[in-house]
Each structure stands twice: as C-alpha cells, then as structure tokens.
Amino acid sequence: MRELHEHRFSNYQWNYPSDGPVPTDSQLVFQLFTTYFNHILLPDPRTHEGPFKGSKMYNSIALIRYPVAAQAVILKVLDENIVHDIQPGEYNLIDALLLFFERINHQQHGKLSGVCLGPNGIDILRTLNV
C-alpha cells in the first residue's frame, strides 16, 4: 500500500480531469476495483457475470455508484436496506470502499461471494485494517 501511495498514486486527484470525455481518477480506481473483484470472485451461476455488475454489487451489502453529473460520481453503501450516505468529494471513494469492506467483515465474516478477504484468502481486510 505504501508503494502504491508513494509511486503509483502520488499524482492522484479524485476529480481530475473535471471535464471532457476522459474519466476522473476516482472513476478509474473504482473501475479497477470492480474489474479486479469480478476477476477473482465467483460469478453468479444464473447469469455467469461477476458480482459487480454495472454500478452495484448484488449482495446483502452493496456498493452503489450514483452518477450526479457528466463526470461526477458519488458512492454509497447499502447494508441490508439501509443506505449509508457518504460525504461527496475528495474522500468519497476511499470512505465508501473502507465502509464496504468493514460491513463485509462484520456481516459476512470477511467472505464475499465465497472468497475469504482475510488471511486465508486475498488478505485485503488486514491490509485495510478493518
């Protein structure tokens, strides 16, 4: 995580670029996150699609992406029919991801679509310290 921060994300700006057809940095990171987890998690046996479909993860805990403007996105976490509003802005992406993983750890004992997110699996929970 330190290497990513110091060498890969040192120029990260959550809302850059703010106009035009190019996605913002936070949209790119969210896309990388969903693509990675669609690759490692078990697909839905009915549709053969990854659990992150479009802007939402279909589960009892969901990460929902709300487009609010051409380039702006607000993430929220849905936990058993309770929508957790997260402050829009610079920290919306990281706050939403941390809350999402905290709820997965608490509600589903660290398992997401059959994959352990703790030390016996991909170990992202310990890395994020949730």
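The values are calculated or read from the model by the stated rules, or taken from the named source; none is laboratory data. All values derive from a computational prediction rather than experimental measurement. Positions of Cβ are backbone-derived with ideal geometry, glycine not excepted, and every protein chain shown enters the neighbour counts.
Name every residue in the range 87-130 that is part of a loop (DSSP other than H, G, I, E, B), within 13 Å of A62 (Cβ to Cβ) and under 15 Å from the mean Cα position of the chain (by Cα), in order of residue number.
S113
Output the residues belonging to the range 73-86 that are touching a strand residue (DSSP E or B) at 6+ places or on another chain (Cβ under 9 Å) and farther than 17 Å from L32 by Cα.
K76, V77, L78, D79, E80, V83, H84, D85, I86
Would you confirm whether or not the range 50-73 contains a residue that is in a helix (DSSP H, G or I), modelled with pLDDT of 75 or more and closer than 22 Å to L125 by Cβ? Give the steps one after another, and end with the answer.
In the first step, residues of the range 50-73 are kept if they are in a helix (DSSP H, G or I); the result is none.
Checking the range 50-73: not a single residue is in a helix (DSSP H, G or I), modelled with pLDDT of 75 or more and closer than 22 Å to L125 by Cβ.
Looking for whichever is in contact with a Cys (Cβ under 7 Å, 6 or more places away or on another chain), on the phi > 0 side of the Ramachandran plot and touching a residue at least 12 places away in the same chain (Cβ under 8 Å) here; the options are G110, G114. Which one fits?
On inspection, the qualifying residue turns out to be G110.
Applying the selection to the range 74-130, what residues are among the basic types (K, R) and either surrounded by 13 or more Cβ atoms within 10 Å (Cβ to Cβ) or within 22 Å of P43 (Cα to Cα) (or both)?
Across the range 74-130, the qualifying residues are K76, R103, K111.
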